[in-house]
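The values are calculated or read from the model by the stated rules, or taken from the named source; none is laboratory data. These numbers come from a predicted model, not from an experiment. Cβ atoms come from the backbone with ideal geometry, glycine included; neighbour counts cover every protein chain shown. Ligands, DNA and RNA are stripped out before the accessible areas are found, and what is left, the full protein with its side chains, is counted by its heavy atoms. Shrake-Rupley method; radii C 1.70, N 1.55, O 1.52, S 1.80 Å.
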2 protein chains.
Amino acid sequence: MTIEALPLSNVDIQGGFWGQYQKLIHEATLPAVHEQLEIRGTMEALKLNWKPGMPNKPHIYWESDLAKWIEAASYVLAKQPDPALEQQVDEAIALLAGAQQPDGYLNAYYTVVEPDKRWSNLRDQHELYCAGHLIEAAVAHYEATGKDSLLNVMLRYADYIDQVFGPGENQMHGYPGHEEIELALMRLHRLTGDERYFKLSQYFIEQRGQQPHYYDQEARARGEDPASFRHGTYEYNQSHRPIREHTEAVGHAVRATYLYAGATDLALATGDETLAQALRRVADNLVQRRMYVTGGIGSARANEGFTFDYDLPNDTGYAETCAAIGLFFWMHRMLRLDGDSRYADVMERALYNGILAGISLDGKSFFYENLLAVKRGTERTRFSPYHRQSWFSVSCCPPNVSRLIASLGQYLYAQGEAEVMVHHYAASSARLEVAGQAVSLSQQTNYPWDGEINLRIEPQQPAVFTVSLRLPGWCRSYAVTINGEAAAPPVERGYLRLERKWQPGDTVRLHLDMPVERVYAHPEVRANKGRTALQRGPVIYCLEGVDNGPDLDAIVLPRNAPLEAHFEPDLLGGVTVIEGDALRESRPPEVDQDEAYVFVPPACHPVRLRAIPYYAWDNRESGDMLVWLRDIPAG
Amino acid sequence: MTIEALPLSNVDIQGGFWGQYQKLIHEATLPAVHEQLEIRGTMEALKLNWKPGMPNKPHIYWESDLAKWIEAASYVLAKQPDPALEQQVDEAIALLAGAQQPDGYLNAYYTVVEPDKRWSNLRDQHELYCAGHLIEAAVAHYEATGKDSLLNVMLRYADYIDQVFGPGENQMHGYPGHEEIELALMRLHRLTGDERYFKLSQYFIEQRGQQPHYYDQEARARGEDPASFRHGTYEYNQSHRPIREHTEAVGHAVRATYLYAGATDLALATGDETLAQALRRVADNLVQRRMYVTGGIGSARANEGFTFDYDLPNDTGYAETCAAIGLFFWMHRMLRLDGDSRYADVMERALYNGILAGISLDGKSFFYENLLAVKRGTERTRFSPYHRQSWFSVSCCPPNVSRLIASLGQYLYAQGEAEVMVHHYAASSARLEVAGQAVSLSQQTNYPWDGEINLRIEPQQPAVFTVSLRLPGWCRSYAVTINGEAAAPPVERGYLRLERKWQPGDTVRLHLDMPVERVYAHPEVRANKGRTALQRGPVIYCLEGVDNGPDLDAIVLPRNAPLEAHFEPDLLGGVTVIEGDALRESRPPEVDQDEAYVFVPPACHPVRLRAIPYYAWDNRESGDMLVWLRDIPAG
C-alpha cells in the first residue's frame, strides 16, 4: 500500500520555526529574487527583442529561474491572498505566453540568439531542463490559484516536446543533459491524467545511457568529437549507463538527484522492482558514503558533483544548495516508496543544515556552495571572501530554496488507508481523510529547538486508524503519552505506530530527548579523522570566528567536556547555542614563532567554546567557520 | 671573507651511509639509467636520423637527461677508474659532438623535428635548459677526467648562445623558460675564467621579468595571445617581476631553485647586497612557509610548484625529487653567502628525506613526486598505485639524484683563510690548505644512525686555525672533546668554533644526542593540525602499511608514549627503526559499520607502532604510508 503525501492544500504551517521562514520567503526573498530577475533582464528577454550587440543576452538557464520564482510565489498564494504578488506572477506568465512560438516551443535563448540550433545540444544545454521547471511552475500555479494561464502554455509546450522526442522513427531519441523534466512530466501527468506525459517521462528515464549513445551521435552531428566532452565522462550527467545499472551516485549532484526523483516517481507508478532496487542501491551509496553531515552532497567543484566514496573534504568541496534540495526531493519519494524513516532522516538532515544554510537570515542573500570549514587564506578563500551573495551568474539556488520552503507543508504528513504519518515536526495543522473519516490534526511544537511535540487528533467520528510518528534517527531516548497516559507503541521502519480507536480531541505528546550529541564520521572519511561535529536534534552546529576567534582548528574539544545548550532569543533570529569548555592550542612563547618545524608541542589553554547552528553562520561579522572540531581521543 | 666549498677532488667519501649509496649509484643506478636512455631512444635521437612517422620522436628534454647521466658518471670516474663506464661516456659525448650544428647549436628536437622553430618559444621549451645541463656535464667531465671532448663542444655551443642572447641590438633579449643555464654558465666561468659566460648568466638573471616582457613579445611573434599562457601567470617561471623584487617562492619549484642557485652565485661573485637580500627573503619564505618537513617543496601538481603560505597537503601535493635537489643546490650557495648553518640544515633535511626518498634501495626505481601520506582509494591513488618507477615520460629525477649522490663529497667541507668547516657528517677524508698548511682531515662516523663523529686533524706542521663543526638544527644536546678532553667552544651562526693550534694527529670527538623527537609544524599548516612527525637526527620517519596495517590515520600517538630507536641491520639495507606504544581507533562493534555518521566515538585499542625512515618506504610490500601521525594533545 502506497503512502501518499498530504498535499499542500491540506496542510497549513502555523508559526514556529518554519512559519517564520515562510513569512521571510514571502516578504523578503520573493521580492529580492524578483528584483534580481528584473535587473538581470530575465523577464525582458522573454520579449524576444534581443539583438546581437545588446546587453543582457538571454541566458540558456533563465526560464528556469523565473519558473522557480513563479512556483514559489504560487505556493505562497496558495495559502494567503497577495494581489500585488499575484499580479507579478500574472505579468511573468504573460511574458512567457508571449514568448511561446507557434509550434509551442518556449526558450528565449534559442529563439533569439541561436534560432537554428534548437535541440542541437541536449548534452550541454538546458532547454528541457527549463521546460521541466516551467511545467512544475504551471502545475503549482494552477493548483494554487485555479488559473490555467501558465498551465495552458505548458500543455502546448509539453505536447510539442512529446511530438519531438520519443521512440518513433521521426522523433529524436534524446533526453535532457540536465534532468528535471522527468519529474515535472510526472507532476503534469498526476494533474491532468494524460498518459502521454507519463510515457514521455518514462522514455527520457529509460532511454538515458542506452547504446548507441545519443550524446555521441549528437556531438558528431554538430561536427564534434564526442570524446571532447568537457566533463570527460557521461557519469557527469548520469548517462554513463542505463539507470537500472547504476550503483553509485556519480556526476553532477543536482542532475543526479533530479533524475532519481523522477525515476522514483516512475518506480512508484509502475511498481517496477528492478528500478526500485537500483534506486535503493544508489541512495545507500550516496547516504552512507557521499553525503556531508549537513546533508550537503557533491564534494567537488570541478563537476559540481560526486567524486568517490568517503571523499568529503570540508574546506574545498561544493555541497551546492540546490543539490541538497534535490536530495530532499528524491528522499521524499524514496520515503513514499519504502515508508522507511531513514529517508525522512536524510530529508531532515538536508533541510535544517545544507539547505537552510543556503539562505541568509534576512532572506536576501544566498550560498551556492556550502563548505563545512572556511578559513581565510586557504585555496577557497584567499582570492575572494566566502559569503552569501544576492545573486549568481547561474542563480538556480535562490528561487529553489524559496519554492522548497514555501511548499514545505506538503512534506510533513502522509496518509494511507488507515494511517496518518507524521514525517516532520513543525507547528501546523492538517486535514485528511482516513478510515473513511475526515480527520483534522494539529501539531504544536517548538521543534527543532526542543523535542516536545503535541498532537491533537480530531476525527469527525471515533475511528480505528494508526497515527505513525517518525522517531528521528538522531533520537536515542523518547517518551509517548496518549491523553496523558504513557504509551509504548511498537516501532516499525522508524515510526512509532499508535493504532487505536481515536476519539475527537485525543492528544498525543511525543517527547524526544534532545541532548547535545557529538557526531563521529565513518572512519574512511579522511577529512574527519580525529574530529567530531556537534548536533542537537536535527541541527548541526559550527564554530564561527566571531564567537571563537580565528584559527578554529586550534581549538580541541576534550571528549569528556560537558556541553550545554540554551536558547538565545535575540541571537540570529532566535537560536539554541551550545557552549562548553575546550582547549586552544598555541605555540609556547619560548618557541620561535616563524620556524616551520619545532620539537615543542603546542601548549593548551582553556577557552569557552560557543557553537551556533550551521545554517545561521555568516550572518554577523565576517570570519572563519568550522563544523568538524578537533576531538581529543580517549588516550 | 668567503668560505669556499672544498671541491670534489679533495674529498673522498669512505664507506658509511653515503659510501654505500655512492656504490649503489655506480653499480646499479648509472647502468639502469643508461639502459633507459637507450631504450627510450635518447642516444639514437642524437644521430639526427629521425623522420616524421618514425618511433621515438626526439623529445625537447632529452639532452638534459643524458647530460645529467654524463655528469653523474664523471663524478664516479673522478674517484675511481671504470673503463667500461668511461667508454659509455665517451660514446655519448661522441653522439653529442656529432649532433652539433655548424654554428654550434645542439638540440636534436629543434634540429630534426622543428628545424625552423629554434629559440621561438623560450617560455615553454627547454633548449637553454638542456644547454645548461650539458655545460654542467662538460665541466664535470673535464674536471673528472681531464678530457676536453665535451667541454669543447659546449664551449662552442656557449659561444653561440652568447652571440644569440644579450642586450645588443641584434641579439635576442630573452631568457630560459626553465632556468638552469644561469648556474651552469657560472660553473663554466669558474672553470675557464672567461668573463663572457659570467656576463651572459648575469644577463639571463637580470633580464628576467623586465618590461616589456619578453614572453609577451615572443608569444605575439608566434601569433599567440600572451594571455593564453597555459600556466596563467609568469610566476610559473619566476619572470613575474625582476629578481630583486621577488619576495616569495612562487611557480614551478625546480625552475625557482635553479634560478636562485644561479642568482646566489651571482650575488657571491658581485657582492651585490640588494640581490642577496632578495634571495634571503625568498629563502626565508620558502623554508618557513612552503617546505615540507622532508625538505620537499612544491605543494601542487598543477604547476609542479608553490601555492601559498602554509599550504602543505600531505596526500596530494607534489614535492618533486628534483625540486628538493634544486633546494639543496641553492641552499649550498646560501650557506657560502652567509655561512649560516640554517642553510646547511635545510640541505640536510632535503638530502636524507625528500631527495633520498626519490631512489629505491636497489637504485633502479625512482619517485618523481614525494607525498607525505599515501592511502589507497584517495584522489592520488585510486586510479593508479603510487610506487617508484624505473622511468618517467619526463625523467629528470633519476639522473639528477645520481649526480647529486655521486658528487656529495663536494658539499661536506669548506675552507677559508684560517678555517675548516664541516658542514655535513659522513665517513670521509679531505685534503685542504689552511693557514698556509696542507691539512688532511678524516672523519669517522656512523651518521645518520648515531651522532658520534670522530675527526682526526693532520696539519703538516702545527698551525693555528679554526675547525668549525656544524651543530645541526635538530640537535638539542651535545658534547665536544679535543684529544679526549672536554671542550666548550663558542657557537657562531650554528657552528662550534674550535680555534687552537692544531697538532698533527689531534682528534676531535663530537657527540650529538640523537633521541627520537616529535616534530610539530607551524600552527598555520592546516594539514598538520593535531599531528606530529617523528624525527631522529636528520631522518624523518614514517609509518608504512606493511608494518602497521591499513588505515594509518586510525593510529594515534599519545604524547607521553615512550618511543625507542634501534638499528636493524637486516632491514631495508640497515636502518634505525622507531617503535612505541600507540592506540588504534575503530568503530565499536555495536555501531553500524555502514552508517556515515554516528554518536559513538571510536574505541581505542593498544597497538605497537613501528616507524621506518621516510626515505626507505615503498621498498617492501605495497601499502599505505604516513609521515604526520595523529597526536593526542595534552587534554
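Pick out the one residue from A:Q410, A:Q415 that is assigned to a strand (DSSP E or B) and among the polar types (S, T, N, Q). Break it down into steps so the answer makes sense when it comes.
Details: A:Q410 fails: assigned to a strand (DSSP E or B).
Going through A:Q410, A:Q415 in turn, just one is assigned to a strand (DSSP E or B) and among the polar types (S, T, N, Q): A:Q415.
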One residue is enough: does region B:392-414 have a residue meeting the conditions polar (S, T, N, Q), free of Cβ contacts under 8 Å to residues at least 40 places away in the same chain, surrounded by fewer than 22 Cβ atoms within 10 Å (Cβ to Cβ) and more than 14 Å from every other protein chain (Cβ to nearest Cβ)?
yes
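Only one of B:P588, B:P613 is of a type outside the set (V, I, T) and free of Cβ contacts under 8 Å to residues at least 24 places away in the same chain; which? Steps first, answer last, please.
Working: B:P613 fails: free of Cβ contacts under 8 Å to residues at least 24 places away in the same chain.
Answer to the check: B:P588.
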Tell me yes or no: at least one residue of region B:59-70 is over 28 Å from B:Y352 (Cβ atoms), in contact (Cβ under 8 Å) with a residue 24 or more places away in the chain and among the polar types (S, T, N, Q).
no
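Among the residues of region B:254-274, count how many are touching a helix residue (DSSP H, G or I) at 6+ places or on another chain (Cβ under 9 Å), open to solvent by 20 Å² or more (accessible area, probe 1.4 Å) and either under 25 Å from B:Q288 (Cβ atoms) or not in a helix (DSSP H, G or I) (or both). Please lay out each step first, then the result.
Narrowing region B:254-274 to residues touching a helix residue (DSSP H, G or I) at 6+ places or on another chain (Cβ under 9 Å): B:254-270, B:272-274.
So of that shortlist, the ones also open to solvent by 20 Å² or more (accessible area, probe 1.4 Å) come out as B:268-270, B:272-274.
Going one step further and asking which of them are either under 25 Å from B:Q288 (Cβ atoms) or not in a helix (DSSP H, G or I) (or both), we end up with B:268, B:272-274.
The qualifying residues number 4.
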Limited to region A:295-332, what total is found for residues that are crowded, with 24+ Cβ neighbours inside 10 Å and within 10 Å of another protein chain (Cβ to nearest Cβ)?
1
Restricting to region A:605-618, what's the tally of residues that are within 14 Å of chain B (Cβ to nearest Cβ) and either among the charged types (D, E, K, R) or open to solvent by 50 Å² or more (accessible area, probe 1.4 Å) (or both)?
2
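Results for (1) within 14 Å of another protein chain (Cβ to nearest Cβ); (2) out of contact with any Lys or Arg (no Cβ under 8 Å at 6 or more places or on another chain); (3) farther than 30 Å from A:R290 by Cβ; (4) β-branched (V, I, T), shown as yes or no for each residue.
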site	(1), (2), (3), (4)
B:F567	no, yes, yes, no
B:T576	no, no, yes, yes
B:A582	yes, no, yes, no
B:R587	yes, yes, no, no
B:E590	yes, yes, no, no
B:V598	yes, no, no, yes
B:A603	yes, no, no, no
B:R620	no, yes, yes, no
B:R630	yes, no, no, no
Kindly indicate whether any position in region A:3-17 is over 27 Å from A:L191 (Cα atoms), open to solvent by less than 30 Å² (accessible area, probe 1.4 Å) and at pLDDT 95 or above.
yes
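Residue by residue, here is whether (1) under 24 Å from A:W628 (Cβ atoms); (2) modelled with pLDDT of 95 or more holds:
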site: B:I555; (1), (2): yes, yes
site: B:P558; (1), (2): yes, no
site: B:G580; (1), (2): no, yes
site: B:L609; (1), (2): no, yes
site: B:A634; (1), (2): yes, no
Condition broken by B:S428, with the remaining ones in (1) of a type in the set (S, T, N, Q); (2) more than 30 Å from B:C130 (Cβ to Cβ); (3) surrounded by fewer than 20 Cβ atoms within 10 Å (Cβ to Cβ); (4) within 25 Å of the chain's Cα centre (by Cα) satisfied:
(3)
I'm trying to understand the selection: among the residues of region B:555-566, which are open to solvent by 40 Å² or more (accessible area, probe 1.4 Å) and more than 12 Å from B:A611 (Cα to Cα)?
B:R559, B:N560, B:P562
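Residues checked against (1) open to solvent by less than 20 Å² (accessible area, probe 1.4 Å); (2) among the aromatic types (F, W, Y):
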site: B:Q211; (1), (2): no, no
site: B:S228; (1), (2): no, no
site: B:Y234; (1), (2): no, yes
site: B:Q238; (1), (2): yes, no
site: B:H252; (1), (2): yes, no
Criterion (open to solvent by 10 Å² or more (accessible area, probe 1.4 Å) and closer than 24 Å to B:G326 by Cβ) met by exactly one of B:N121, B:N107, B:N152
B:N121
Strands (runs of 3 or more DSSP E) wholly in region B:467-555 with at least 2 residues that are more than 10 Å from every other protein chain (Cβ to nearest Cβ) and without any contact (Cβ under 8 Å) to a residue 24 or more places away in the chain - which ones?
B:485-487
Single residue of A:D570, A:D624, A:D592 found to be open to solvent by 40 Å² or more (accessible area, probe 1.4 Å), charged (D, E, K, R) and within 30 Å of A:F17 (Cα to Cα):
A:D570
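I'm trying to understand the selection: among the residues of region A:275-289, which are within 9 Å of chain B (Cβ to nearest Cβ) and either surrounded by fewer than 17 Cβ atoms within 10 Å (Cβ to Cβ) or more than 15 Å from the chain's Cα centre (by Cα) (or both)? Spell out how you get there, then give the answer.
Let us first name the residues in region A:275-289 that are within 9 Å of chain B (Cβ to nearest Cβ), namely A:284, A:287-289.
Listed by number, the residues that qualify are A:D284, A:Q288, A:R289.
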Of the conditions (1) part of a helix (DSSP H, G or I); (2) open to solvent by less than 70 Å² (accessible area, probe 1.4 Å); (3) not assigned by TED's automatic domain parsing to the domain that holds B:Y129, B:R244 fails just one. Which one is it?
(2)
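Okay, residues lined up against (1) without any contact (Cβ under 8 Å) to a residue 40 or more places away in the chain; (2) on the phi > 0 side of the Ramachandran plot; (3) among the charged types (D, E, K, R):
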site	(1), (2), (3)
A:P562	yes, no, no
A:V575	no, no, no
A:Q593	yes, no, no
A:R608	yes, no, yes
Is one or more of the residues making up region B:352-364 assigned to a helix (DSSP H, G or I), open to solvent by 10 Å² or more (accessible area, probe 1.4 Å) and in contact with a helix residue (DSSP H, G or I) (Cβ under 8 Å, 6 or more places away or on another chain)?
no
Selection from region A:573-589 of residues open to solvent by less than 30 Å² (accessible area, probe 1.4 Å), assigned to a loop (DSSP other than H, G, I, E, B) and closer than 24 Å to A:P538 by Cβ yields A:G574
